[in-house]
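> After the structure tokens below, expect a handful of questions from me.
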Amino acid sequence: MALHALVVGFGHLGGFHAQKYQALASEGVQLVAVVDPRAEVQAKAEKMGVPLYASLAAYFQAVDTGKVPKADLASIATVTEQHVATGLELLQKGVHLLVEKPLASSAQEGARLVEAAEAKGLVLATGQVERHRAIEAFRELRGQPYFIECHRLSPFPARSTDIDVVFDLMIHDIDLMLAMVNSPLEQIHASGFPVLTSQIDIANCRFEFANGCVANLTSSRISMTRTRKFRIFCGDSYLSLDLNSGNYESYIKDAKETDIAKQISHHSGSLKVEDALQEEIRDFVQAVQGKRTPLVSGRDGLRAIEVAERVVADIKKRLARLQAR
């Protein structure tokens, strides 16, 4: 029996979600509809051969009259401020959810989604696509991370300007950092400022964990070139990962080797995940099928927002001091 999929928000990213669901037809998935109020996306829906509805109310009315199957699962790719209202409406109808990052506009709102999904016993996954791509390289790590450094820099985008750079870009690396460091986060020291928008466009943050690990993340959406680089220093390994090229270098220490000159082994490789969004959609579908838990759960997405809020709060506190002088 096919799983019926729905995409809410049929813009740039929602269009890709729809394509990925259609690509899983051989794995028992059928894209049954897309929802978006904009008339200009009608041609795109027709090209994909899928009905377009202007609202969830219109879609569920069509379900009630037998015009279209009821969705078992859905991707939410609307603007961030609509994630919670849309998600709660779908959860009430018994629909499993994949919500694009950030999960919500605030931790308080995100908690509403997480609690509603858990109360209903439904899958809630967060669309942190970078985790699906980077997880392969992270398997090269040996020992607890001591120091993490990341630069995620981009030219000014034509989309996602409804949120600041922390919730747009840095949240990817916050999620990756939290997935690597199994320790409570104790201190955050952040700086940043607006440049081209009224929101924070560039940010740097130092994170200090209870176990002594330190992470330094920098994100910018006003850079001339695109950079996605990670460096991770662990007790017995070092990993340098370029998420732009997909290439990585790992150095692993063999503590059992008595010859110091032979203790370090080097391995270079390329990430095998060529389509991380397809893997994210497949991971979500398999979670709905009961084959696994989502790689990035709703709780993971909520935790990333909680940390991002602390980053933004520290930036604003520092900016207020600077502007008062």
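Throughout, read-outs are computed from the coordinates displayed, never taken from laboratory work. Model, not experiment: these values are computed from the prediction. As a convention, Cβ positions derive from the backbone with ideal geometry for all residues, glycine included, and neighbour counts pool all protein chains shown.
> Taking the Cα centre of the range 3-129 as origin, sum charge times position over the Cβ atoms of Lys and Arg (+1) and Asp and Glu (-1), and report the length of that vector in debye to the nearest 20.
Magnitude of the dipole: close to 200 debye.
> When only Cα pairs under 8 Å and 6 or more residues apart are kept, what is the percent relative contact order across the chain?
18
> With the alpha-carbon atoms as the only input, what is the per residue convex hull volume for the range 7-72 in Å³?
Here the figure is 81 Å³ per residue.
> Near the amide H of LEU31, under 5 Å away, which other amide H atoms are found, from residues 5 or more places off or on another chain, if H is placed in the peptide plane?
Close amide H contacts, sequence-distant or interchain: ALA5.
> Further question on the same structure: Between beta-carbons, use under 15 Å as the cut-off and find the net charge around ILE260, counting Lys and Arg +1, Asp and Glu -1.
With Lys, Arg at +1 and Asp, Glu at -1, the neighbours total -1.
> Turning to a different aspect of this structure: Would you mind checking which residues have amide H under 5 Å from ILE200's amide H? H placed 1.01 Å from N; only 5 or more apart, or other chain.
Correct list: VAL165.
> Set the Förster radius R0 to 56 Å, insert the Cβ-Cβ distance between LYS229 and ALA57 as r into 1/(1 + (r/R0)^6), and round the FRET efficiency to 0.05.
0.80
> Would you compute, from DSSP H runs of 4+ residues alone, the mean residue ellipticity of the chain at 222 nm, taking -39500 (n - 2.57) per run and dividing by the full residue count, rounded to the nearest 500?
On the way: 9 runs with 112 residues, N = 325.
Calculated at 222 nm, the ellipticity per residue is -11000 deg cm²/dmol.
> How large is the charge dipole for the chain, taken about the Cα centre, if only the Cβ atoms of Lys, Arg (+1) and Asp, Glu (-1) carry charge, to the nearest 20 debye?
The calculation lands at about 280 debye.
> Going toward the positive end of the dipole of the chain, with +1 on Lys and Arg Cβ and -1 on Asp and Glu Cβ, which of HIS4, GLY290, ALA74 do you reach last?
About the Cα centre, the residue reaching furthest to the positive side is ALA74.
> While we're on this one: At 1.306 mPa s and 10 °C, plugging the Kirkwood radius over alpha-carbon pairs of the chain into Stokes-Einstein gives what diffusion coefficient in µm²/s?
After rounding, the answer is 76 µm²/s.
> When the Debye formula is applied to the Cα atoms of the range 3-129, each taken as the same point scatterer, what base-10 log of I(q)/I(0) results at q = 0.14, 0.17, 0.21 Å⁻¹?
Evaluating at q = 0.14, 0.17, 0.21 Å⁻¹ gives log10 I(q)/I(0) of -0.55, -0.82, -1.26.
> May I pose another question? Which whole-number percent gives the relative contact order of the range 3-129, counting Cα pairs below 8 Å spaced six or more residues apart?
Relative contact order of the range 3-129: 23 percent.
> In addition: LYS67: which aspartates and glutamates have alpha carbons under 17 Å from its alpha carbon, excluding same-chain residues fewer than 8 sequence positions away?
Output for LYS67: GLU46.
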